[in-house]
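One structure is given below, encoded as structure tokens.
The values are calculated or read from the model by the stated rules, or taken from the named source; none is laboratory data. Here the structure is a predicted model, which means the values were calculated and not measured. Glycine also receives a Cβ, built like all others from the backbone with ideal geometry; neighbour counts cover every protein chain displayed. Note: accessible area is taken over every heavy atom of the protein model, side chains too, but ligands, DNA and RNA are not part of it. Shrake-Rupley method; radii C 1.70, N 1.55, O 1.52, S 1.80 Å.
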Amino acid sequence: MFEDILGGFVTLFSDDYAIWFVILAAFVGIIFGALPGLTAAAAIAMMLPILIAYNDEIGGLAGLAFLYVIGKSGRYGGSIAAILFNTPGTAASAATMQDGYPMTRSGRAGKALKTATVSSAYGDYFGEIVLIFGAVSIAAFTRQFGPPENFAIYLMAFVVIGSVVSDSIIKGIISTLFGAVIALIGEDTITGQFKMTMGIDELESGMALVPLLIGVFVISEVIIQAEKAAKVKIIDFAGDKIDDPTAHYFTWSEFKRCIPLMFRSSIYGSLIGMMPGLGSSVACFVAYGEEKRKAKNKDEWGTGVVEGIAAPESANNAVSGPSMIPLLTLGIPGSTIAAVLIGMFLVNGLQPGPSIFAEEPPLFMGGQLISPREFIFGIFAAGLIGIACYALIGYFAAPFIGRMIAILPTQYLYPFIFMTALAASYSSRASIWDVGFAMLFGIIGYAMRRTNFSAAAFIIAFVLTSSMEEAFRQSMIISDSGLLVFASFEYQGKFSYAPIFLIIGAAVVLMRSWSTYRARQAQG
């Protein structure tokens, strides 16, 4: 394993562009994360078509490393807006506001920002280690799965994602089914017949991922920001009328006091990250709530204590690495960011799943032949370096970045983002129809967010549906017992895990339904 990790660094530094793209991604992700309303997923959606277009020139490793690090630094960047503006740059930083903003109000913005930086890097490194060792171990086990198990896993993912990512189980399931229906548009890979194309030739090849992502994540946010039409104002944290120099630094004694808390919060984040669909926003509130409950000074939480920043920030960044485990071991994106990254994997001839850790066949990238396993460990190396890069940038430049964002003229910023999003949607297939689809799904995404339907469930279901359909048809071909193949613990003379995954999915729905029922009963 350690030889693979070292080999990943060798692969990364052997690429002409990769390390520079990692450094750039650390900065770009922080900016997008710190812009109120925009997210790392939106940044990745806008960058994806550009990287696909220039994939041959820059190499697949550089492009995928760029997107992967944006996902990490974007999660951290949201804390800047949460602390300085009392507006979470991303949903993952919502809990950080509880103590971060009061610290800014009391003239300790520097301490709050440095606490967030150190905690984010701690949690991210914890999660990345879980990813590296966990993905390889789990992939060795899942490599033996056949079509029935794969279908059962996809169905379990649909059920779990639909039931847990939204406040309403019904809305979550509807969002998931909607994504599946949209994914079915186009040509049937088996029969060659066209499905749900409504006679539109441009739909015969199916709905492209890029314009859909741009519409749901970028254009919908521009609409929301236009609706708000309010400029975020930064609190004057400049000097700080506090003479105590420790008010501007995360001190060693505070760090030591927070280490157990950050460790526990990183565990929460890592466990939540491995569950498809939950994500950073759940992790930050779980960690904040649990650590506040355990704290001796729980009455001070919410008034500006470093523990109230360290807990959610270490948890939400610890999600980043483990959320890739379902993708790399099962082919299931554990988050919207992982769902977007699938596009770059496929462009480079890599099918996410357990076989991605194989040594053969080699890939030609950056003028050299590398195995899929070397490629993946190169991405892991990029993640480890990317964390250090955004931590250094954030530790020394977060206040400056906050000031620059505060003075950005939003009346020009969001129209520019809107036009860039339309250009990116067009560039994916050079089709004006894709621009129209991006606009359409921008409106749909806006409506989903306003009515509390889950955009994350919609996107993940859209990505998974084709693989799920393929696994189902393969299962029917090899099965002599029809649908019962999914309920049998044995097929083709070997043990089948398919019923276990179906039972897990059913159990999650029942538990979620019971907890919802109890919550409503408690509210009277």
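Using the structure shown, decide if Ser427 is in contact with a Pro (Cβ under 6 Å, 6 or more places away or on another chain), open to solvent by 20 Å² or more (accessible area, probe 1.4 Å) and part of a helix (DSSP H, G or I). Before the answer, list the steps.
Numbers: in contact with a Pro (Cβ under 6 Å, 6 or more places away or on another chain): yes; open to solvent by 20 Å² or more (accessible area, probe 1.4 Å): yes; part of a helix (DSSP H, G or I): yes.
Yes, satisfied.
Given the condition buried (at least 23 other Cβ atoms within 10 Å of the Cβ) and among the polar types (S, T, N, Q), answer yes or no: does some residue in the stretch 297-312 qualify? No - not one qualifying residue is present in the stretch 297-312.
Could you please let me know if Ser175 is in a helix (DSSP H, G or I), within 30 Å of Pro36 (Cβ to Cβ) and either within 21 Å of the chain's Cα centre (by Cα) or at pLDDT 75 or above (or both)? Before you say what the answer is, go through the steps one by one.
On the way: in a helix (DSSP H, G or I): yes; within 30 Å of Pro36 (Cβ to Cβ): yes; either within 21 Å of the chain's Cα centre (by Cα) or at pLDDT 75 or above (or both): yes.
The answer is yes for Ser175.
Checking each residue in the stretch 488-498 for being surrounded by 13 or more Cβ atoms within 10 Å (Cβ to Cβ) and farther than 16 Å from Arg473 by Cα picks out Ser488, Ser496, Tyr497. Of all residues being under 12 Å from the mean Cα position of the chain (by Cα) and among the aliphatic types (A, V, I, L, M) in the stretch 326-354, which is surrounded by the fewest Cβ atoms within 10 Å (Cβ to Cβ)? Just the residue, please. The selected residue is Ile342. Among the residues of the stretch 1-40, those identified as open to solvent by less than 10 Å² (accessible area, probe 1.4 Å), modelled with pLDDT under 85 and either in a helix (DSSP H, G or I) or of a type in the set (Gly, Ala, Ser) (or both) are Gly8, Ala40. Within the stretch 279-294, being open to solvent by 10 Å² or more (accessible area, probe 1.4 Å) and at pLDDT 85 or above holds for Phe285, Val286, Tyr288, Gly289, Glu290, Lys292, Arg293, Lys294.
Being free of Cβ contacts under 8 Å to residues at least 12 places away in the same chain and under 19 Å from Ala40 (Cα atoms) is the filter here, so list the residues in the stretch 416-433 that pass it. Give the steps one after another, and end with the answer.
Looking only at the stretch 416-433, we keep the residues that are free of Cβ contacts under 8 Å to residues at least 12 places away in the same chain, and these are 416, 419, 423, 426, 430, 432.
Answer for the stretch 416-433, where residues must be free of Cβ contacts under 8 Å to residues at least 12 places away in the same chain and under 19 Å from Ala40 (Cα atoms): Phe416, Met419, Ala423.
Taking every residue in the stretch 292-317 that is aromatic (Phe, Trp, Tyr) and pairing it with any residue that is in a helix (DSSP H, G or I) and modelled with pLDDT of 85 or more, at least 6 positions away or on another chain, the pairs with Cβ-Cβ distances below 6 Å are Trp301/Lys292; Trp301/Gly308. Exactly one residue among Ala430, Ala522, Ala456 is among the hydrophobic types (A, V, I, L, M, F, W, C) and under 16 Å from Ile169 (Cβ atoms), and that residue is Ala456.
Where helices (runs of 4 or more DSSP H) sit wholly within the stretch 60-148, those with at least 3 residues that are open to solvent by 20 Å² or more (accessible area, probe 1.4 Å) and touching a residue at least 12 places away in the same chain (Cβ under 8 Å) occupy 97-105, 109-142. For first residues located in the stretch 331-359 and within 20 Å of Leu213 (Cα to Cα) and assigned to a helix (DSSP H, G or I), partners that are open to solvent by 20 Å² or more (accessible area, probe 1.4 Å) and not hydrophobic (A, V, I, L, M, F, W, C) and lie 6+ apart or on another chain with Cβ distances below 8 Å form the pairs Phe345/Gln351.
Within the stretch 195-222, can you find the residues that are farther than 17 Å from Ala423 by Cα and either touching a helix residue (DSSP H, G or I) at 6+ places or on another chain (Cβ under 8 Å) or surrounded by fewer than 18 Cβ atoms within 10 Å (Cβ to Cβ) (or both)? Before you say what the answer is, go through the steps one by one.
So the first thing to find is which residues in the stretch 195-222 are farther than 17 Å from Ala423 by Cα, and the list is 195-207.
Within the stretch 195-222, Lys195, Met196, Thr197, Met198, Gly199, Ile200, Asp201, Glu202, Glu204, Ser205, Gly206, Met207 qualify.
Taken together, Val463, Val485 contain a single residue that is part of a helix (DSSP H, G or I), more than 22 Å from the chain's Cα centre (by Cα), surrounded by 22 or more Cβ atoms within 10 Å (Cβ to Cβ) and touching a residue at least 12 places away in the same chain (Cβ under 8 Å), which is Val485. Residues considered: Ala112, Ala121, Ala95. Of these, the only one that is in contact with a helix residue (DSSP H, G or I) (Cβ under 6 Å, 6 or more places away or on another chain) and either modelled with pLDDT under 85 or closer than 19 Å to Gly279 by Cβ (or both) is Ala95.
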